Amino acid sequence: MNVQDGTRDAGFSFEAFQQAMPEAVAGLRAMTKAAADAGLDKALTELMKIRVSQINGCAFCTQFHLNAARRMGVDGAKLDLVAAWHDAPVFNPRERAALAWAEHLTAMGARAVPETAEAEVQAHFSPAETMHLTVAVATINAWNRIAGGLRFLPPTRQEG
């Protein structure tokens, strides 16, 4: 933070991080791929990644996953309302369970995941799917801490 005018100093680029830490990037990409290859709906996992990135205040990851969701054709109304999904009727029960699970896992440092959230996710997802959702949430949380901590600049709307 620039004390003089309150602006943030530029952070690192993703490319610089990738060059400096290729093993870390490879490990996180392997976790991402493992969750993606599980057969979960890719639009659903992008919505979760967007929501977690919003909660964590990671501009880079929020923009990256909004770009990815747009490219795959995720409904614009869902993208517009993912931050307020609790009150938005555009999300189906399965999406609501996944978004709640993502929020609870992201906040578990402050409070335990409620049994009701566990029951809800298990009502809509198989045990294997629940594990894959959990890995997807854990991975985006890791990316958020790296990208947010190192202040990666958000990609343009075309990138990501």
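Specify the longest stretch of the chain that does not include any exposed loop site, a site being one of the trypsin sites (Lys or Arg not before Pro) with a non-H, G, I, E, B DSSP assignment and at most 16 other Cβ atoms within 10 Å.
Working: sites that count: ARG8, ARG111, ARG151, ARG157.
Value returned for the longest uninterrupted segment is 9-110.
If the viscosity is 0.692 mPa s and the temperature 37 °C, what translational diffusion coefficient in µm²/s does Stokes-Einstein give for the stretch 1-109 when Rh comes from Kirkwood over Cα pairs? It comes out at roughly 210 µm²/s.
Taking a point 7 Å from the Cα of ALA107 along the Cα-to-Cβ direction, the residues of the stretch 117-160 with backbone N closer than 12 Å to it are 117.
Throughout, read-outs are computed from the coordinates displayed, never taken from laboratory work. Being a predicted model, the structure only gives us computed values, none of them experimental. With ideal geometry, Cβ positions are generated from the backbone for all residues, glycine too; neighbour counts draw on all protein chains shown.
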